[in-house]
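Notes follow once the structure below has been shown.
The values are calculated or read from the model by the stated rules, or taken from the named source; none is laboratory data. Because the structure is a prediction, the values reported are computed rather than measured. So basically every Cβ, Gly included, is an ideal-geometry build from the backbone, and we count neighbours across all protein chains shown. The protein model used for the area step is the full one, side chains on, heavy atoms only, and it has no ligands, DNA or RNA in it. Shrake-Rupley method; radii C 1.70, N 1.55, O 1.52, S 1.80 Å.
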Amino acid sequence: MSLFHFKQFVINQEACPMKINTDGVLLGAMVDLAGTKQILDIGTGTGVIALMMAQRNSGAQIDAIDIDAAAAERSKQNFENSLFRAQLKSYHHGFKEFFELYPHSKYDLIVSNPPYHLNALQSPKEKTNLSKHTTQQFFFDLLLASKSHLAKNGRLVMVLPVETSLMLQTTAKDFGLYPHHIVKIKSYPDKAHIRHVISFSLSDDEALSFSDFCIYDQQSVHSLQYKALLKDFFKIF
């Protein structure tokens with residue numbers, strides 16, 4: 001269905017190449033918003049991550065950008081139809097173009113649920129490729145651009161497959177960013193980790209720390225962790 005009903009807002013997903021997914025809602029609910037006033041959501045898609053952050057932090061102003069015109073328009077409509085419309089702005093730009101247009105912009109937090117399939121067989125649908133497939137150079141460009149537009153104590157936070165996260169952990173310092181916390185996510189207690197929510201900062205003074213998160217206790221049974229994290233958003237909890 002095109003409409004996804006959260007407790008405090010509704011997402012229309014029609015024409016968006018990237019639908020609401022577990023990665024996005026975990027990032028939107030999990031990212032640390034303490035002290036954040038200016039936030040940028042790169043690759044906003046439906047706008048769900050931006051809306052979740054707006055619900056969690058009424059004092060934040062959130063810019064949401066997407067290179068796909070249909071996604072940018074859909075996120076704009078979802079913002080305008082929400083209680084949080086005053087906090088949110090949608091732009092039809094990739095991050096390079098956006099930063100060229102707003103060269104002096106600074107953010108306390110930059111978040112992204114980016115395309116992450118590296119060197120994978122691509123979809124014949126161009127929009128699907130834009131939303132799901134990328135190259136290492138994309139991430140290098142994102143790190144470099146984010147570094148220049150983070151406030152002094154700002155952070156870049158992404159949700160990524162483990163392999164991509166490991167690659168960035170070893171290369172981010174070359175772009176002036178340093179990983180300081182990683183949430184390691186697994187589907188089931190006895191399975192390997194499948195995602196990292198990784199946070200980068202401009203300082204290399206902090207030791208890298210880790211925490212663990214499990215989505216299910218068993219087949220079709222969400223964990224207490226997952227329920228606690230999403231209880232303010234999902235009607236089923």
Mind counting the residues in the range 1-40 that are of a type in the set (A, V, I, L, M, F, W, C) and open to solvent by 20 Å² or more (accessible area, probe 1.4 Å)? 9
Mind listing just one residue for me: the one in the range 207-234 that is open to solvent by 70 Å² or more (accessible area, probe 1.4 Å) and not in a loop (DSSP other than H, G, I, E, B) and, of those, farthest from MET52 (Cα to Cα)? GLN218
Given the conditions (1) more than 23 Å from LEU143 (Cα to Cα); (2) within 14 Å of the chain's Cα centre (by Cα); (3) acidic (Asp, Glu), which single one is not true for GLU80? (2)
I want to confirm something. Restricting to the range 162-193 and keeping residues that are among the acidic types (Asp, Glu) and free of Cβ contacts under 8 Å to residues at least 24 places away in the same chain, which single residue is farthest from PHE140 (Cα to Cα)? ASP190
So the helices (runs of 4 or more DSSP H) completely within the range 1-97 holding 2 or more residues that are closer than 22 Å to ILE198 by Cβ are 22-30, 48-56
Under the condition of being free of Cβ contacts under 8 Å to residues at least 60 places away in the same chain and of a type in the set (A, V, I, L, M), which residue from the range 194-206 is surrounded by the fewest Cβ atoms within 10 Å (Cβ to Cβ)? ILE194
Which condition breaks for VAL157 when tested against (1) open to solvent by less than 30 Å² (accessible area, probe 1.4 Å); (2) over 18 Å from THR22 (Cβ atoms)? (2)
